[in-house]
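> First the structure, which I've put down as structure tokens, then a few questions once you've had a look.
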């Protein structure tokens, strides 16, 4: 029998102390510094704020950043699901190694990823030299930005879909087969609907990560204003020109977008668990 | 050490778990809190332990207010799923309560070792002191949990569904063993169960609970043969209900729907109508179950189902067969006026 | 998982024809090769492209050494602080019910959804010359931004959730029974925590610490904003990689980068091992 204990009567000690410290540390490290951004933004006049945020260079950076992040998240949703499927369902040599390395983008510092991707996909790099004759230029183009975002977003879809696939009971598919469904019908009508929420959650996580990413992109991007300059880089550029107001305005827009993304992801995760026992 | 529960109420949000509960556990007795799941028995046990605090009312040990702090209350609590420390060996689990005592009160290492081995001997698990909980069977875990609780020499021993997680055979062995153990150590004990057979077999006294209230308390014989309410009657065993129908010449007041209850062994079965208002039934199945034979019967008038149990000798004498019509009359009918639905 | 796949191989209902299987595996592996395996191999290949001597010389560079020292210092301060926070927060959140819990959980996750650049910017706004506390700090001759304290603060911010978010679900799943048992046996709060709770989550703690450390040592964006890029003074290892790379000193840049890649691989190995231990603990109980 599970008993939910109300907050006012508890047997385990230390609630007040630990909750107090949690809120204190959270405030000092996260909440107060983050609120500084909004207070700074509030000191800007509305006109200045709008002028900064809708200036062509800023708009171009938003378009590039969000466009590339969506493209990368779509690529990850498709190939990440495939990777998760293959890792859960099939046996093949090197599977364990591949499984472990999927987390590499979480562990590899972004600067290392950045210089490596730039080198590998440059016109005389390991992969770039085969792509260039085909007319595909990756490094120093928006495509390069997408490639970097695919790299850093790769684990998200795999790691959200994989556990869901692992927990699917084989009985579901057997039941579908017994009821006369062919393999493709079973996949489309039984398996895909069960993993769709996880795929969408992974997509949202990869997208959110891509939008904010800096380190792995700047080396491969080319960083040409209006063409290949991502928003985080623009914030740094403004900061280096001592344009604190401009940097703050752009940052606050990005922060609001990340909060909305966080909210969406939370709702998605709740939704994806709606059938959970 | 006697336990007195006085006027205890407990609310969880909108749900009333316990409503003005009062009961007494005499020193040295083994008492069962019996009731269906959700009746509040586990909450009551946790309140006695000090793991939960009541909204109203109090718990007295030997007439004195029990300590608020669970650590000072000195109860031994055996959790339903044992809550053995999974990273500790059996020995360390049993020794835990002694090793966490303040240095001044802590027994020496040798004394702890001696005490633990004494307890392991008591629970007949001397050989497995070095195993981890994951390597034990359910029954072994149960006994280790008991030894751990006893190691600190608790004033009272509280057990939450002590046999609930075990399979049928182990359950029966273990409850007999618990009874013998209690006769040996005589610590005042309360255990929670939803199994009436378990309560009847093991306990000195039974407290029957339903929907946050005490329905009846008494010895197993009292609650079984003189149930105080239809709930107690039906919870403690199979029961046949006789709905009194308002009939000409019947004395019962017709505004109240009164129901008579009789247990299967309290039903007389005969081929001839004895003429005392016996009910005509058809035998639908005959089940020889060892020393008794159970007859499943269907009323001729309403089609309602009944059960009767007769000694095997009587069956061998009369030899009822499926499909024949017989007459039944309750030997001992208990009538409750309020309608109660099982 | 191994067990699952072997169970599956025996029946034909739940799988695809062999050619389809191989096609899917090949596509997935091609994807991983392009985006993971080739770049990983390239780090080490580039690092040793000019031979061992150049490699070692790049690592012996004094600026690189001071960057390594700073990075270790930053991790040595930020990881323990976040570890303590994670333990404290998970106790409060996992073992008690209180209103506002899910809001608190969301706030703890917040740093993960903030762009690293913004994570650095907020400290510049607070402690920079034009910031709130800037003038006061200057009067008292204290330097936070463009100095080690700023780097440490930004690192604490970006690694803030790692231990907590690992421990909270783990402690929640273990319930309160063992702690309650310890209390009924007379253990104090601290004894209960150190003798019962902590041993049960030790692998989760290690897991969180490993990931926290990897991020602390590898953080680039946030640190880049607050560091000021003073060579030999406020450069961490990732910033040193950037400088060498921008100076077209590729071999040296990749030599230093290979250290970080090695750290990442060690992190993954320890992580896999911890996952294996956690799974085993789960099966046992």
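The values are calculated or read from the model by the stated rules, or taken from the named source; none is laboratory data. Because the structure is a prediction, the values reported are computed rather than measured. When we count neighbours, we look across all protein chains shown, and the Cβ atoms used for this are built from the backbone with ideal geometry, even at glycine.
> If I ask for residues that are surrounded by fewer than 24 Cβ atoms within 10 Å (Cβ to Cβ) and within 19 Å of residue C:244 (Cα to Cα), which ones from region A:111-138 would you list? Show your work before the answer.
To start, the set of residues in region A:111-138 that are surrounded by fewer than 24 Cβ atoms within 10 Å (Cβ to Cβ) comprises A:122-137.
Those that are surrounded by fewer than 24 Cβ atoms within 10 Å (Cβ to Cβ) and within 19 Å of residue C:244 (Cα to Cα): A:122, A:125.
> From the list C:266, C:270, which one is away from chain B (no Cβ under 14 Å) and surrounded by fewer than 17 Cβ atoms within 10 Å (Cβ to Cβ)? Lay out the reasoning, then the answer.
Details: C:270 fails: surrounded by fewer than 17 Cβ atoms within 10 Å (Cβ to Cβ).
Criteria check complete, one pass: C:266.
> While we're here: Which of the residues that make up region B:200-228 are closer than 17 Å to residue B:183 by Cβ and part of a strand (DSSP E or B)?
B:205
> Right, something else. Quick check on region C:79-97. Is at least one of its residues surrounded by 24 or more Cβ atoms within 10 Å (Cβ to Cβ), assigned to a loop (DSSP other than H, G, I, E, B) and at the interface with chain A (Cβ under 7 Å from one of its Cβ atoms)?
No, that holds for no residue.
> For region C:106-160, what are the residues that are closer than 24 Å to residue C:66 by Cβ and part of a loop (DSSP other than H, G, I, E, B)?
Across region C:106-160, the qualifying residues are C:128, C:141, C:142, C:143, C:144, C:145, C:146, C:147.
> Which condition number in (1) within 9 Å of chain C (Cβ to nearest Cβ); (2) surrounded by fewer than 23 Cβ atoms within 10 Å (Cβ to Cβ); (3) under 19 Å from residue C:226 (Cβ atoms) is the one that residue A:243 fails?
Looking at each condition in turn, residue A:243 falls short on (1).
> Which residue, of C:250, C:245, is over 13 Å from the mean Cα position of the chain (by Cα), closer than 20 Å to residue C:116 by Cβ and either within 10 Å of chain A (Cβ to nearest Cβ) or at pLDDT 95 or above (or both)? Explain how you work it out, then say what you get.
Details: C:250 fails: closer than 20 Å to residue C:116 by Cβ.
None of the other options fit; the residue is C:245.
> Considering only helices (runs of 4 or more DSSP H) fully contained in region A:172-239, which possess at least 3 residues that are at pLDDT 85 or above, buried (at least 24 other Cβ atoms within 10 Å of the Cβ) and facing chain C (nearest Cβ under 9 Å)? Walk me through it before giving the result.
Details: elements: A:183-186, A:192-212, A:215-221.
Answer list for region A:172-239: A:192-212, A:215-221.
> Follow-up question, since we're still on this one. Of A:75, A:68, which residue is under 28 Å from residue C:217 (Cβ atoms) and in a helix (DSSP H, G or I)?
Numbers: A:75 fails: under 28 Å from residue C:217 (Cβ atoms).
Result of the check over A:75, A:68: A:68.
> Continuing with the same structure: Scan region A:250-267 residue by residue and report those that are more than 8 Å from every other protein chain (Cβ to nearest Cβ) and either free of Cβ contacts under 8 Å to residues at least 24 places away in the same chain or within 14 Å of residue C:122 (Cβ to Cβ) (or both).
Passing the criteria: A:250, A:252, A:256, A:260, A:263, A:267.
> Output the number of the condition that residue A:261 fails; it satisfies all remaining conditions of (1) surrounded by fewer than 18 Cβ atoms within 10 Å (Cβ to Cβ); (2) over 24 Å from residue C:246 (Cα atoms).
That leaves (1) as the condition not met.
> So, residue C:260, is that one more than 8 Å from every other protein chain (Cβ to nearest Cβ), part of a helix (DSSP H, G or I) and buried (at least 20 other Cβ atoms within 10 Å of the Cβ) or not?
Numbers: more than 8 Å from every other protein chain (Cβ to nearest Cβ): no; part of a helix (DSSP H, G or I): yes; buried (at least 20 other Cβ atoms within 10 Å of the Cβ): yes.
It is false that residue C:260 is more than 8 Å from every other protein chain (Cβ to nearest Cβ), part of a helix (DSSP H, G or I) and buried (at least 20 other Cβ atoms within 10 Å of the Cβ).
> Mind telling me which of the residues C:170, C:206, C:198, C:211 ends up being in the same structural domain as residue C:118 (by TED's automatic domain parsing) and either in contact with a strand residue (DSSP E or B) (Cβ under 6 Å, 6 or more places away or on another chain) or farther than 24 Å from residue C:111 by Cα (or both)?
Details: C:170 fails: either in contact with a strand residue (DSSP E or B) (Cβ under 6 Å, 6 or more places away or on another chain) or farther than 24 Å from residue C:111 by Cα (or both); C:206 fails: either in contact with a strand residue (DSSP E or B) (Cβ under 6 Å, 6 or more places away or on another chain) or farther than 24 Å from residue C:111 by Cα (or both); C:211 fails: either in contact with a strand residue (DSSP E or B) (Cβ under 6 Å, 6 or more places away or on another chain) or farther than 24 Å from residue C:111 by Cα (or both).
Just one listed residue meets the conditions, C:198.
> Let me ask you something else. Kindly indicate whether residue C:181 is buried (at least 23 other Cβ atoms within 10 Å of the Cβ) and within 13 Å of chain B (Cβ to nearest Cβ). Walk me through it before giving the result.
On the way: buried (at least 23 other Cβ atoms within 10 Å of the Cβ): yes; within 13 Å of chain B (Cβ to nearest Cβ): yes.
For residue C:181, the condition - buried (at least 23 other Cβ atoms within 10 Å of the Cβ) and within 13 Å of chain B (Cβ to nearest Cβ) - is met.
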